[in-house]
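This report refers to the structure that appears directly beneath it.
The values are calculated or read from the model by the stated rules, or taken from the named source; none is laboratory data. Given the structure is predicted, the values throughout are model-derived calculations rather than measurements. Neighbour counts are summed over all protein chains in view; Cβ atoms, including those assigned to glycine, are modelled from backbone coordinates with ideal geometry. For accessibility, only protein heavy atoms count, side chains too; no ligands or nucleic acids. Shrake-Rupley method; radii C 1.70, N 1.55, O 1.52, S 1.80 Å.
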Amino acid sequence: MVLKPSDFRVPEVFADWCPGCGDFGIMNGLQMAFAELGLEPHRIVMVSGIGCSGKEPHNVKCNGVHTLHGRTLPFAMGIKVANPELEVIAIGGDGDGLGIGAGHFVNAGRRNLDMTYIIHNNGVYGLTKGQASPTLRLGLQTKALPKPNINEAVNAIGLAVISGYTFAARSYAYDVRHLKDTIKQAIQHKGLAFIDCLQPCPTYNNITTKDWYAGEDRKDASGKPQSRLYKLEETGFDPVVHDWSEDFQKKMAAMDKAREWGDRIPIGVFYKNELEPTFEERLKDRIPFYRERPPAKQKLKDQNGFSTVDLSEFMGELKTS
Amino acid sequence: MPIDSINWMAGGPQGSGVDTAANIFGKACGYGGLYVFGRREYHSNIKGLHSYFHLRISPKQVIANINDVNLLAAFDAETAVRHINEVVPEGGIIVDAKDMDTKVLEVPTFPPEYKEEIKRIMQEQNLGETLNDWLNHAKQRNVHVFPVPYMNLLNQIGEKLGIPQISKITRMINVLTIGVSFALLKYDRNLAEKAVKATFAEKGKIAEMNALALNTAYDYAEQTFKTDFKHRLTKLDVNEERLFLTGNQAVAMGKVLGGCRVQTYYPITPAADESEYLEAHQIMKTSTGEDEAIVVIQTEDEIAAVNSASGAALAGARAATSTSGPGFSLMVEGLSWAGNSEVPLVITYYQRGAPATGLPTRHGQGDLRFAMHAGHGEFPRIILASGDIEECFYDAAKAFNLAEKYQMPVIHLLDKAMANCSQTYPVFDYSNFKIDRGELLTEKDLEGKEYRRFRFTETGISPRVVLGTKNAVHWYTGDEHNELGHISEEPLNRRRMVEKRMKKLEQVQKEVPAEEKLKFYGDTDSENIIVSWGSPKGAILESLDMLKQEGFSLGFMQVRLIHPLPTEEVKKALQGKKRIIDVEDNYTAQLGGIIKEATGIAPNYYVLKYTGRPMTTTEVCKALKAILTGKAAEREVLTFGS
Ligand SMILES: Cc1ncc(C[n+]2csc(CCOP(=O)(O)OP(=O)(O)O)c2C)c(N)n1
Ligand code: SF4
Ligand SMILES: [Mg+2]
């Protein structure tokens with residue numbers, strides 16, 4: 001099916017992010033990726049948490065489930081397990097996924113469901129007016145903080161890799177083409193794909209701003225800004241685990257890259273492994289017909305409405321004779 | 001005259017096979033056409049602390065527990081001490097001969113507060129300090145004492161089996177006590193052997209070893225104890241097929257019947273058994289010849305459990321989660337989301353002793369108000385309370401129909417007593433059970449139309465679609481929303497949405513059949529009426545029978561649909577009654593309070609229990625009689641059971 005990004009617009013909803021917010025870029029990236037992959041809107045489910053980022057699904061024409069703060073992954077899991085045919089994209093803020101939802105973040109890795117998870121990494125709690133998020137570094141004092149940040153930051157990519165995510169990438173809200181390509185790869189990846197999306201928040205984060213990422217503060221002799229972001233794919237970095245024997249070394253390489261920050265920040269794919277069985281495959285091992293008749297597609301009743309279940313095996317075990 | 005209904009109790013340290021013993025005993029009785037009611041009590045501990053199992057056995061249906069024990073099979077000294085006074089005259093105690101000299105105050109597992117109680121008993125009854133002294137005292141009440149040298153018997157068995165290390169077979173003490181029990185009760189040993197073999201069927205040689213232990217003990221008792229023990233168990237011929245099952249199993253089967261195809265859980269007593277049972281029985285047969293299956297997910301916490309169940313429900317699977325108090329506490333925000341987004345979510349909630357970790361393996365009914373009010377804001381929910389195992393089964397199935405029809409969370413409120421009791425029933429005939437998915441639209445229904453998930457309608461129920469339906473892209477949000485499911489803070493839309501959601505409860509009130517809301521028993525024209533809910537039902541029903549025989553007139557209203565409360569029907573039933581007796585396992589008489597709030601009519605007597613142990617027929621009957629004869633306080637607090 002030929003689809004255009006505009007087919008994924010939601011004209012009846014006013015996108016209420018602050019002017020210049022990185023969330024617009026992510027919205028565009030999603031719409032472009034969906035269109036290029038030819039995903040029909042009704043087959044996609046965007047699940048989100050709470051925060052400025054949580055509003056993303058209302059601005060994309062596909063099914064949207066805007067859930068609770070930190071709970072995007074559990075909802076997404078339930079949806080995906082019930083109907084593995086659906087293309088499930090979980091969305092959340094950095095507070096959402098790495099603060100209140102950190103337990104789910106880690107445990108989702110253990111399951112490796114075939115879905116995508118995108119964190120809007122803006123270093124702050126946008127919707128509650130700028131408190132420090134779990135990705136803000138120790139000692140930084142963004143605009144709304146009364147004191148410098150007293151906590152060290154969590155390394156989102158590193159956490160994803162050691163938690164078992166089989167795809168870990170980073171992209172940037174204002175490099176919409178790169179983001180769109182990364183989202184496409186994540187969707188096409190077999191297994192749980194994580195994208196750490198750097199997202200400037202012009203309202204509350206006056207440190208990792210658009211200008212900062214672009215390197216406006218460090219122009220070369222010709223006056224050209226030296227962007228802090230560089231693309232892993234342009235450095236020959238190979239994130240793919242082709243064989244299990246490479247896995248440890250690829251994970252270590254990803255962790256090593258994930259440590260880079262400051263004047264050189266890598267974007268692109270850090271780690272990718274399709275050898276690990278997905279949760280759906282593991283379920284199929286137990287339930288041979290899981291794919292054809294997943295929970296959401298079972299009949300339950302006959303044409304007269306009676307339950308079709310035959311409990312005689314259950315009752316047989318419990319019989320007294 | 002022989003006594004043909006007995007209450008058998010087995011007790012011992014946790015990990016010593018008390019449950020297995022009860023299982024074998026119950027099975028053997030079932031094979032002989034007898035009815036069994038079982039109740040299990042255990043500490044929050046894996047090995048060493050006291051646990052026990054009651055089995056009431058009778059040629060007639062038994063549905064609750066009583067105080068009197070006819071035959072106590074004590075695996076250790078603690079069991080004998082704790083339960084000695086429950087054994088009736090003419091009853092018996094089977095003890096390990098080597099425990100006779102044990103000093104009761106030196107049993108290491110007794111906590112200080114219990115030792116104080118023992119000292120008090122010793123003083124009051126002028127008892128010596130050894131178990132033997134206690135048993136001699138019991139003999140004065142005509143209690144038979146049957147000391148069995150378990151070690152000698154195990155030595156004999158070990159020799160026969162060529163196993164010199166007795167420590168490898170001490171686990172079989174449980175089966176020895178069964179052998180002795182059945183010999184004393186003169187029950188058909190073939191049935192006992194069949195039960196042993198069935199229990200260990202999958203364990204090869206172990207089955208034979210246990211059968212040998214059973215027979216050795218049976219022979220020993222037959223030869224040794226020539227006393228005139230009046231209790232008898234006699235097999236009956238019955239043609240009817242019967243089940244012996246626990247509350248947990250009934251709920252699990254009910255869920256399967258009701259179409260539950262995703263179950264999420266985080267391990268917690270007494271709910272986890274249900275999920276594990278479901279996982280073990282994941283694939284099910286159907287009348288279409290095509291198997292179906294339930295996916296059971298152990299999540300990282302109850303927050304994930306409730307929310308992933310909601311997700312699965314939105315995607316079109318019938319989905320549930322199962323928990324007890326601490327877990328439900330964590331689910332509360334998710335419940336509120338489900339209420340706001342009109343999710344057909346089913347939560348099976350087994351109450352246990354609370355607050356906090358409370359009495360993690362014990363019983364209580366203290367969470368009714370919590371289940372009713374949990375969640376921020378106002379949203380509709382349904383609360384069903386089952387009072388027996390058969391109701392557990394059908395209510396578990398029905399919960400999904402209600403959830404989907406009215407698009408709201410349904411809390412199936414149970415308790416530890418219900419979960420862990422076991423009972424004999426004629427095989428359930430579920431052939432009439434229908435699946436009602438409510439107003440569920442398909443791709444075809446929506447061709448060329450605009451779909452609004454939260455469309456305003458007369459009844460408040462908006463036709464539903466499942467995620468992934470063509471022609472029906474739609475949105476959900478935990479924010480207040482417009483008909484499309486997008487965020488809206490408009491005050492008038494807000495008013496309509498609140499009203500739309502709440503209005504659905506009126507529909508529930510109108511459509512749920514009367515007997516599924518309230519069930520009446522006994523003499524409902526009487527001026528006296530009991531109100532209750534959940535597991536006390538069995539003890540109440542048995543009490544009604546006993547009191548009727550004594551000439552008392554009394555009715556009983558069991559509330560099954562607790563929320564929305566069938567206010568008018570309750571009012572009608574209670575109006576003009578002289579005595580309204582509220583029976584509940586909590587301190588604050590929660591149902592009584594809810595009834596008063598809704599109808600303006602308050603109970604004037606209360607029978608309450610909050611020791612963590614379920615009510616027995618004996619104590620309920622006694623309390624009711626005291627109330628009916630004007631000899632009771634307004635509040636009778638029950639405490640039986642250790
Ligand atoms: C349980 C709970 N606690 C707190 C909040 C308040 N809250 C709303 S948004 C938010 C933080 C959002 O930050 P983040 O997840 O980083 O998303 P952003 O707004 O930055 O996109 C918080 C704490 C809430 N909605 N729910
Ligand atoms: S507060 Fe920040 S993250 Fe939120 S909308 Fe405004 S710019 Fe975007
Ligand atoms: Mg944020």
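Structure above, values below:
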quantity	calculated
Over 27 Å (Cα to Cα) - which of B:255/B:504; B:434/B:504; B:235/B:255; B:186/B:537; B:537/B:625 fall in this group	B:235/B:255; B:186/B:537
Label point distance in nm, residue B:494-residue B:167, each placed 7 Å from Cα along Cα→Cβ	7.1 nm
Equivalent ellipsoid dimensions for region A:3-60 as semi-axes, Å, which come from the Cα gyration tensor, largest first	19, 12, 10
log10 of Debye I(q)/I(0), alpha-carbon scatterers only, for region B:140-285 at 0.10, 0.13, 0.18 Å⁻¹	-0.55, -0.81, -1.05
q = 0.11, 0.16 Å⁻¹: log10 I(q)/I(0) that the Debye formula gives for region B:517-638, counting C-alpha atoms only	-0.30, -0.67
Residues with amide H under 5 Å from that of residue B:66, placed H, sequence gap 5 or more	B:617
Volume per residue of the C-alpha convex hull in region B:6-114, rounded to whole Å³	114 Å³
Whole-Hz ³J(HN,Hα) from phi, Karplus 6.51 cos²θ - 1.76 cosθ + 1.60, for region B:142-159, glycine and proline x	6, 7, 7, 10, 10, x, 10, x, 3, 5, 4, 5, 5, 4, 4, 5, x, 4
Hypothetical label at residue B:90: residues of region B:545-572 whose amide nitrogen lies under 11 Å (7 Å Cα-Cβ projection)	none
Amide H contacts of residue B:351 (H built 1.01 Å from N, under 5 Å, at least 5 apart or other chain)	B:414, B:415, B:416
Rg to Rh quotient for the protein assembly as shown, alpha carbon positions, Kirkwood Rh	1.04
Estimated FRET transfer efficiency when R0 is 30 angstrom, pair residue B:376-residue B:503 (beta carbons, to 0.05)	0.90
Residue among B:343, A:296, A:164 farthest towards the positive dipole end of the protein assembly as shown, charges placed on Cβ	B:343
Whichever lysines have a C-alpha closer than 16 Å to that of residue A:319, once near sequence neighbours (fewer than 8 apart) are set aside	B:27, B:194, B:197
10 Å Cβ neighbours from other chains, averaged over peptide A:81-89	5
Dipole moment magnitude, nearest 20 debye, the protein assembly as shown about Cα centre, only Lys, Arg, Asp, Glu C-beta charged	600 debye
Å² per residue, accessible surface of region B:517-638 at 1.4 Å	38 Å²
Accessible area buried at the B-A interface, both sides summed, 1.4 Å probe (Å², nearest 100)	6100 Å²
Cross-link reach list, lysines versus residue B:103, counting only Cα pairs under 28 Å and skipping chain neighbours closer than eight places	B:47, B:115, B:119, B:139, B:168
For region B:202-210, Karplus couplings with θ = phi - 60° (6.51, -1.76, 1.60), whole Hz, Gly/Pro x	8, 10, x, 4, 4, 4, 5, 4, 5
Residue-wise HN-Hα coupling along region A:208-216, computed from phi with Karplus coefficients 6.51, -1.76, 1.60 (Hz; x: Gly, Pro)	8, 8, 4, 5, 5, 4, 6, x, 4
Rounded to the nearest 20 debye, dipole of region B:318-441 from Cβ charges on Lys, Arg, Asp, Glu	220 debye
Rounded to whole Å, sorted largest first: equivalent-ellipsoid semi-axes of region B:439-512, Cα gyration tensor	21, 18, 9
Rg to Rh quotient for region B:441-576, alpha carbon positions, Kirkwood Rh	1.22
Calculated over region B:243-333: convex hull of Cα atoms, volume per residue (Å³)	93 Å³
Relative packing of A:87-97, B:408-418, A:147-157, which averages over residues the other C-beta atoms within 10 Å, highest first	A:87-97, B:408-418, A:147-157
Percent accessible area from carbon and sulfur atoms, chain B, protein chains only, probe 1.4 Å	49 percent
Size-normalised alpha-carbon gyration radius of chain A, reference 2.2 N^0.38 Å	1.09
Per residue convex hull volume, Cα atoms of region B:6-224, in Å³	124 Å³
Computed lengthening from residue B:105 to residue B:588, 0.36 nm per intervening residue step minus Cα-Cα distance	170.3 nm
Other protein chain Cβ atoms within 10 Å, averaged over every residue that makes up B:219-227	0
Label point distance in nm, residue A:292-residue A:235, each placed 7 Å from Cα along Cα→Cβ	4.9 nm
Separation of the residue B:3 and residue A:128 label points, Cα + 7 Å toward Cβ, nm	6.4 nm
Value of Rg/Rh across chain B [Cα atoms, Kirkwood radius]	1.01
Protection proxy ranking, peptides A:22-35, B:423-436, average beta carbon neighbours within 10 Å, highest first	A:22-35, B:423-436
Dipole magnitude (debye, nearest 20) for chain B, charges at Cβ of Lys, Arg, Asp, Glu	440 debye
Modelled FRET efficiency - R0 56 Å, residue B:226 with residue B:629, Cβ distances, 0.05 increments	0.80
Amide H contacts of residue A:310 (H built 1.01 Å from N, under 5 Å, at least 5 apart or other chain)	B:285, B:286, B:287
Other protein chain Cβ atoms within 10 Å, averaged over every residue that makes up B:253-262	5
Crossing angle, helix A:72-82 versus chain A [Cα axis fit, 0-90 degrees, rounded to tens]	30 degrees
Carbon plus sulfur fraction of accessible area for chain A, probe 1.4 Å, in percent	53 percent
Among A:173-185, A:117-129, A:1-13, the order from most to least packed when residues are scored by Cβ within 10 Å on average	A:117-129, A:173-185, A:1-13
Hits among lysines - C-alpha to C-alpha of residue A:55 under 18 Å, sequence gap 8 or more where chains match	A:129
Those residues of region B:252-278 whose amide nitrogen sits under 18 Å from the label point placed on residue B:440, 7 Å along Cα→Cβ	B:254-264
Centre separation in Å (Cα based) which lies between region B:523-592 and region B:617-642	14 Å
Over region A:185-321, equivalent-ellipsoid semi-axes from the Cα gyration tensor in Å	52, 21, 13
Neighbour net charge for residue B:127 - beta-carbon separation under 12 angstrom, K R +1, D E -1	0
